[in-house]
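Single-structure report; data block below.
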Amino acid sequence: MKKILFGAITLMVGLVVLAGFFFQDPFGPALTLIYQWGLVLVAVGGLIGLGTLAAFHIRNIIQQKKGWISSAVLLAAFLFSLIAGFVLTPQNAFYRDLILNVQVPVETSLLAILAATLLYASLQLIRTRGWTPLSIAFMASAVFSMLFNLGLIQTASGTLGEQVLMFFRRLPLVGARGVLIGMALGGLVMGLRFLLSTDHPGGER
Amino acid sequence: MTWSQVAWVVIGLAAVLLLVLTWLVKPRRYALRHSAFAQRLSQSRTATLEQGRRQEVVLGHALWSRVYPGLGLSALASYTALLNAETLADGRQTVSASEGILVTFARQIIQGRYQAGFSEELLQDKVQPVVYGPTPFSFNGGLMADLKMQDYGTLVILGDFGPEAAISVKNIHDQRGEAFAATGSMASQAALFVNVDDLLLGEEAYLAPALLDPSPQAQAAALTEDLLRVGVILALVIGATLKAVGVL
Amino acid sequence: MTSSAVIWGVIGFLLTVMILSYLIRDSLFFRLATYLLIGLTAGYLVVLLVNRVLLPQLIWPMGAASWSQRLWLLIPILLAGLLLVGQIPRLALLSKIPLAYLAGLSAAVAIGGAVFGTLVPQGQAVLDTFDPYRIYADPQLVWMRILDAGVMILGVVGTLSYFHFGQPLQETKRKRAEDRPQILQVFSKIGEGFLGITLGAVFAGVFSTALLALIDRIAVIGGMLGQFLGGL
C-alpha cells in the first residue's frame with residue numbers, strides 16, 4: 001500500500017511536469033510551482049547534508065579519531081563562516097573576500113595537482129590499458145589536440161592543408177554527438193524507470 | 001511533423017516499450033554482453049570485506065544534471081544494487097556526495113534496508129552517509145583526506161562528476177585499493193580513462209544498475225535502451241538520406 | 001598595494017604551498033588547507049540556502065500573501081518539514097513523501113532534458129550536415145562537406161553501436177559473451193575509434209586547463225617569494 005502511494009506521488013508529479021513541457025499554457029504556472037517546491041526540498045536536503053558534514057566531524061573530535069585536529073579546524077571555519085555570513089550578509093565585501101581568497105587558491109592548487117596526476121597516469125596509459133583501438137585513438141587524439149592547442153600545427157589560410165587540418169579538428173565532435181545521443185537515451189530510460197516505479201526512490205524492490 | 005512532436009513520439013515509445021518489457025513480455029532470453037566491470041567490482045568488494053577494509057561509494061555532485069540528464073538517478077539506482085546483505089552486516093561502507101539531497105536519498109535507502117532485515121542493536125558498524133564538502137573541489141579534498149586516513153579497499157565513483165575525480169583515485173591506488181567508475185561527464189571520463197582500469201564509458205554509465213543487479217526490471221530497461229538505440233540509428237540513416245535528396 | 005591585498009596575498013600564498021605540498025607527500029598541511037576550504041564553503045552555502053532559497057520562497061511571501069496563497073505556501077513547508085523530521089530513524093517513513101515528490105520531478109526533468117535538450121538537437125545537428133544548401137554553399141568545399149557528412153553519420157552510428165548492451169538475440173550466433181549482434185559489432189569497431197578520438201581531445205582540454213592552473217600557482221609562489229626576498 002505504502003509503495004503504491006509513493007509510486008503514485010512520483011508518477012503524478014512527473015506527469016504534471018511532462019505535461020508542462022508539452023502544454024505550456026495551461027500547465028505553465030503549475031510547472032513553476034512544482035519546480036519551486038522542488039528547489040525548496042533540494043535546499044532543505046542541502047542543509048541536511050551540511051548537518052551530516054558537521055556531525056561527521058563532531059564525531060571525529062569526540063572520539064579523537066585520526067585527523068581530529070583538522071576536523072576542529074573545519075568546524076571552526078564552518079561556524080565562523082556561518083556567523084559572519086548571517087551577521088555581515090553574503091554581499092559584504094569582507095565576507096566575499098574571505099570566501100574567494102580561500103576558495104580560489106585552494107581550488108586552483110587542487111586543479112594543479114590534477115595536472116600532475118594526469119601527467120603521471122597518462123604516461124602509463126599503454127601499460128595499464130594495452131594497445132587497443134580505443135587507447136591508440138585516445139593517445140593520438142590527445143597528442144594532436146595538445147600540439148594544435150599549443151599552436152605547433154599551423155597551415156596557411158585558404159589552402160588544402162587548412163581544410164584537412166580543420167577536418168581533423170572536427171573529428172572529436174563526431175564521437176561527442178554519438179556519446180551525447182547515447183547518454184540522452186540512457187537518461188530517458190532512467191527517468192522512465194523512476195517515473196513508472198520500476199525503480200523506487202527509497203530503494204525498495 | 002515538428003521536432004517537438006518527434007520528441008513526444010520518442011518519449012511515448014520508450015514508455016510503452018519499458019512497460020511492456022517489464023510487466024508483460026519479460027524477455028528472459030535477452031542476455032547482456034559480458035562486462036568485466038561488474039565481475040571485478042564484485043571480486044574487489046568481496047576481498048575488501050574479507051580483509052576488514054572499508055568501501056567508499058561516491059554518488060556525485062548533483063541530482064539534476066543539465067548536460068547529462070538522469071545521472072543522479074542512475075547513481076542512486078546503482079547504489080541500491082551495491083547495498084547487499086553482507087555489506088549491511090559488515091557496515092564498513094561510506095556513501096558520500098557533495099549534494100545533500102543525494103545523501104538524504106542514500107540515507108533513506110540504507111535505513112529501509114536495515115529496517116527490512118537487520119536487528120540494528122546487534123551491529124557494531126553501520127553504513128554511513130557522509131558529505132565531505134559542498135563544492136566539487138572541496139568534496140574531493142575531503143574525500144582525499146578520508147581515503148588517506150582510513151583503510152579503504154574499494155572506491156566506486158558514480159553519477160555526475162568532473163575531471164577532479166581523477167585526483168582521489170590516486171589515493172586509493174596508493175593504499176593498494178581498487179577504483180571503479182561509472183561517471184557521466186565526458187571530462188570525467190576522459191580524466192578517469194588514464195587512471196581507472198574499470199571504467200564505464202558514455203552511455204554505459206546508465207547500464208551500471210543493470211550490471212550490478214541483473215533483475216528482470218533492469219534487463220527490461222537495458223533491452224528498451226537497445227531497441228531505442230537501434231531505432232535512433234535507423235532514423236538517423238533514413239533522415240540523412242532524405243535530407244541529402246532534399247525531401248526533409 | 002593596500003594592506004588588505006597584502007594579507008590576502010600572503011594567505012593565498014600559504015594555502016597554495018600547503019595544497020601543493022601534497023605533490024611531495026600527503027601531510028597535515030594539505031588536510032588543514034582543504035578542511036579550511038570545506039568549513040568556509042559549507043558555512044557560506046548554509047547562508048546562501050537560507051537567504052536565497054528558503055526565506056524568499058517560504059517565509060517572506062507569508063507576510064504579503066492572501067489566505068489562499070498562504071495555504072499554497074503550506075505545501076512546501078509541510079514537505080520540507082517531513083523531509084527534516086524523516087531524518088529521525090523511527091520517523092524515516094515520513095521523508096518518503098517528499099523524496100517520492102523529488103523522484104517524480106527528477107525523473108520528468110531527466111526525461112525532458114534528455115529528449116528536448118540533447119536527443120533532438122544532436123539528431124538535428126547530425127542531419128544538418130546532409131543539408132544540400134550547406135553542402136553546395138561553397139563550390140570549392142563540396143567534397144569536404146560530403147566527407148564531413150559521411151564521417152558524421154558513420155561516426156555517430158558507430159559510437160551508438162559501440163554502446164549496444166545485448167548479445168545477439170539468437171543463441172546460435174553468440175560466439176563470445178562480449179559480442180554484439182553482427183552488424184552492430186562491425187560498426188562498433190569504428191565507433192570505438194571515434195570514442196577514443198573524442199575522449200583524447202577532451203583529455204587534452206582538461207589537461208591544458210589543469211596545466212594552466214599549475215603554471216598560475218607556480219607564478220603566484222614565485223611572485224610572492226620575489227617580493228619577500230626583494231624586501232629583505
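The values are calculated or read from the model by the stated rules, or taken from the named source; none is laboratory data. Only a predicted model underlies this, so the values are computations on that prediction, with no experimental measurement involved. Counting neighbours? That spans all protein chains shown, and the Cβs are built from the backbone with ideal geometry, glycine included. Side chains are part of the model used for accessible areas, which takes the heavy atoms of the whole protein and leaves out ligands, DNA and RNA. Shrake-Rupley method; radii C 1.70, N 1.55, O 1.52, S 1.80 Å.
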TODO: Please list, or write none, the lysines whose alpha carbon is within less than 27 Å of the alpha carbon of C:K96, excluding same-chain residues fewer than 8 places away.
DONE: A:K2, A:K3, B:K126
TODO: Classify chain B as rounded, prolate or oblate, taking a ≥ b ≥ c as the square roots of the eigenvalues of its Cα gyration tensor: rounded when a/c is under 1.5, otherwise prolate if a/b is larger than b/c and oblate if not.
DONE: prolate
Open item on the list: Please give the charge dipole size of the protein assembly as shown, origin at the Cα centre, charges +1 on K and R Cβ atoms and -1 on D and E Cβ atoms. Round to the nearest 20 debye.
Closed with: 720
- [ ] Would you calculate the separation in nanometres between label points at A:T89 and C:L93, each defined as 7 Å from the Cα along the Cα-to-beta-carbon direction?
- [x] 4.6
TODO: Between the alpha-carbon centers of the stretch C:58-132 and the stretch A:124-153, tell me the distance in whole angstrom.
DONE: 41
- [ ] Leaving out ligands, DNA and RNA, calculate the buried accessible area for the pair C and A with a 1.4 Å probe, summed over both sides, in Å² to the nearest 100.
- [x] 9100
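What average number of partner chain Cβ atoms lie no more than 10 Å from the Cβ of the residues making up C:16-28?
Neighbouring Cβ atoms belonging to other protein chains average 4 per residue here.
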Open item on the list: So if I place +1 on the C-beta of Lys and Arg and -1 on the C-beta of Asp and Glu, and nothing else carries charge, what would the dipole magnitude of chain B be about its Cα centre? I want it in debye, nearest 20.
Closed with: 580
Open item on the list: Probe radius 1.4 Å, ligands and nucleic acids left out: can you give me the accessible area buried at the B-A interface, summed over both chains, in Å² to the nearest hundred?
Closed with: 5400
TODO: Rounded to the nearest 0.05, what FRET efficiency do B:L227 and C:V85 give with R0 = 51 Å and r taken as the Cβ-Cβ distance? Could you check?
DONE: 0.75
Task: Cα centroid separation, the stretch C:211-228 to the stretch A:1-66 (Å) - done: 43
Task: Dipole-positive endmost among A:L18, A:G178, A:G130 within chain A (Cβ charges, Cα centre) - done: A:G130
- [ ] Please give the residues of the stretch B:69-110, grouped as numeric ranges, whose backbone N is less than 13 Å from a label point set 7 Å along the Cα-to-Cβ vector of C:I59.
- [x] none
TODO: Calculate the mean, over all residues of peptide C:48-58, of how many other protein chain Cβ atoms lie within 10 angstrom of the residue's Cβ.
DONE: 5
Task: Theoretical ellipticity at 222 nm over chain C - DSSP helices of four or more residues, -39500 (n - 2.57) apiece, nearest 500 - done: -24000 deg cm²/dmol
Task: At R0 = 25 Å, FRET efficiency that the Cβ-Cβ distance of A:L152 and A:L123 yields, to 0.05 - done: 0.80
TODO: Report, to the nearest whole %, how much of the accessible area of the stretch A:1-65 belongs to carbon and sulfur atoms, 1.4 Å probe, protein only.
DONE: 74
Task: Alpha-carbon centroids, the stretch C:140-196 and the stretch B:1-75: separation in whole Å - done: 21
Task: Accessible-area composition of the stretch A:156-198, carbon plus sulfur, in percent [1.4 Å probe] - done: 67
Open item on the list: What do you get for chymotrypsin sites (Phe, Trp or Tyr not before Pro) in the stretch A:1-49 restricted to DSSP loop and a cutoff of at most 13 other Cβ within 10 Å of the site's Cβ?
Closed with: A:F23
TODO: For chain C, evaluate the Debye formula with one uniform point scatterer on each Cα (no solvent term) and list log10 I(q)/I(0) at q = 0.08, 0.10, 0.14 Å⁻¹, rounded to two decimals.
DONE: -0.76, -1.04, -1.07
Open item on the list: Counting only protein heavy atoms, probe 1.4 Å: which residues of the stretch C:207-223 lose 50 Å² or more of accessible surface in the full assembly compared with their chain by itself?
Closed with: C:F207, C:A210, C:R217
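Might you tell me the accessible area per residue for the protein assembly as shown, computed with a 1.4 Å probe and given in Å²?
42
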Task: Dimensionless Rg ratio for the stretch A:1-93, taking C-alpha atoms and the 2.2 N^0.38 Å reference - done: 1.69
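Given only helices, namely DSSP H runs of n ≥ 4 each adding -39500 (n - 2.57), what is the per-residue ellipticity at 222 nm of chain B, to the nearest 500 deg cm²/dmol?
-17000 deg cm²/dmol
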Open item on the list: Given a 1.4 angstrom probe, I'd like the percentage of the accessible area of the stretch C:96-221 that is carbon and sulfur, rounded to a whole number.
Closed with: 66
